[in-house]
Amino acid sequence: MSNALIQVQNLCKTYSDDGVKTTALCGANFQIEKGEFVAIMGPSGSGKSTLMQLLGLLDKPTDGKYIFEGKDTTTFDDDALAEFRNKRIGFVFQAFNLLPRTSVYENVELPLLYDEKPDNNGSNKEKVSAALEAVGMSHRTDYMSNQLSGGEKQRVAIARALVNNPDVVFADEPTGNLDSKSGIRVMEILQKLNNDGHTIILVTHETYTAEHSKRIIYLRDGEIVADDPVKNRRVAQDGELLK
């Protein structure tokens, strides 16, 4: 039996502006198993951000199927997508997206507040504490987000992505706003989470960042041109594939 968490079948996305159609992604076919660490790479305009938005249920495809743990998400309405996204998917973005002048605890707790069931037994505190512990930020629980360094902000953002115990964590250019030392720390945390069993999908244009993953899906002009284990794929510093 397949252990696939994600199955993508002929996935396409076409945008229309004043009657002009632009195909950002076409004919994507692959699957991602539970517990994988996959990087999506490609030059600007290759379709990697479009693919991330589709996989993260932030947008809908114009054609094809996206099956998540056996469920065809292309049949979901907007409410079902929002509920599924909140409970099953965690996001980490380049810009952190933390609430300003709000405590670390409150930022991490935010996804739990969208749950329809009230927290009557204090489980939110346990979940937030566990998430902060996982990224080494327990000592900053009561700090305001504006008191944190860039690297600390991204670690809090990762904790927020983890707090609902999602099936998959999407990291979109997570080191893009960080210095090299902080970036390495963030990637080490993502590697540890993957080693602990979390499925990680990383979108990046940075070679060094992608090489922390175990598999690279490479796009060019809206099409997948390579899909290999990291050890079998060489990528130049400008993000281009090498033979």
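Residue-by-condition table, conditions (1) farther than 22 Å from G35 by Cα; (2) in contact with a Ser or Thr (Cβ under 9 Å, 6 or more places away or on another chain):
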position: M137; (1), (2): yes, no
position: E152; (1), (2): yes, yes
position: I158; (1), (2): no, no
position: V163; (1), (2): no, no
position: I189; (1), (2): no, no
position: T199; (1), (2): no, no
position: H205; (1), (2): yes, yes
position: Y208; (1), (2): no, yes
Out of curiosity, is S103 without any contact (Cβ under 8 Å) to a residue 12 or more places away in the chain and more than 20 Å from the chain's Cα centre (by Cα)? no
Taking only the stretch 170-186 into account, find how many residues are surrounded by fewer than 23 Cβ atoms within 10 Å (Cβ to Cβ) and in contact (Cβ under 8 Å) with a residue 24 or more places away in the chain. 10
What number of residues in the stretch 60-83 are in a helix (DSSP H, G or I) and in contact with a Lys or Arg (Cβ under 7 Å, 6 or more places away or on another chain)? 1
Working only within the stretch 197-215, note down all residues that are farther than 18 Å from L11 by Cβ and among the aliphatic types (A, V, I, L, M). I200, L202, A210
Which listed residue, of V169, V135, is under 19 Å from R88 (Cα atoms), in contact with a helix residue (DSSP H, G or I) (Cβ under 6 Å, 6 or more places away or on another chain) and among the β-branched types (V, I, T): V169
Could you please find all residues in the stretch 27-59 being assigned to a loop (DSSP other than H, G, I, E, B), surrounded by fewer than 22 Cβ atoms within 10 Å (Cβ to Cβ) and among the small types (G, A, S)? G35, S44, G45, G56
Residue pairs meeting the criteria (Cβ under 9 Å; at least 6 apart or on separate chains; first under 24 Å from D196 (Cα atoms), in the stretch 22-37; second part of a strand (DSSP E or B) and of a type in the set (S, T, Y)): I32/T199; E33/T199; K34/T199; G35/T199; E36/T199; F37/T199
Within the stretch 102-118, is even one residue closer than 23 Å to K48 by Cα, of a type in the set (V, I, T) and crowded, with 20+ Cβ neighbours inside 10 Å? no
The number of residues in the stretch 33-60 that are polar (S, T, N, Q) and over 14 Å from the mean Cα position of the chain (by Cα) is 2
Filter result for the condition that a residue is modelled with pLDDT under 95, of a type in the set (G, A, S) and under 28 Å from H205 (Cβ atoms), over G70, G42: G42
Does N164 count as surrounded by 14 or more Cβ atoms within 10 Å (Cβ to Cβ) and either in contact with a strand residue (DSSP E or B) (Cβ under 6 Å, 6 or more places away or on another chain) or outside any helix (DSSP H, G or I) (or both)? yes
Any chance D142 is at pLDDT 95 or above, surrounded by fewer than 19 Cβ atoms within 10 Å (Cβ to Cβ) and either farther than 20 Å from G56 by Cβ or hydroxyl-bearing (S, T, Y) (or both): yes
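The values are calculated or read from the model by the stated rules, or taken from the named source; none is laboratory data. Model, not experiment: these values are computed from the prediction. Reconstructed Cβ throughout: ideal geometry from the backbone, glycine too, with neighbour counts over all protein chains shown.
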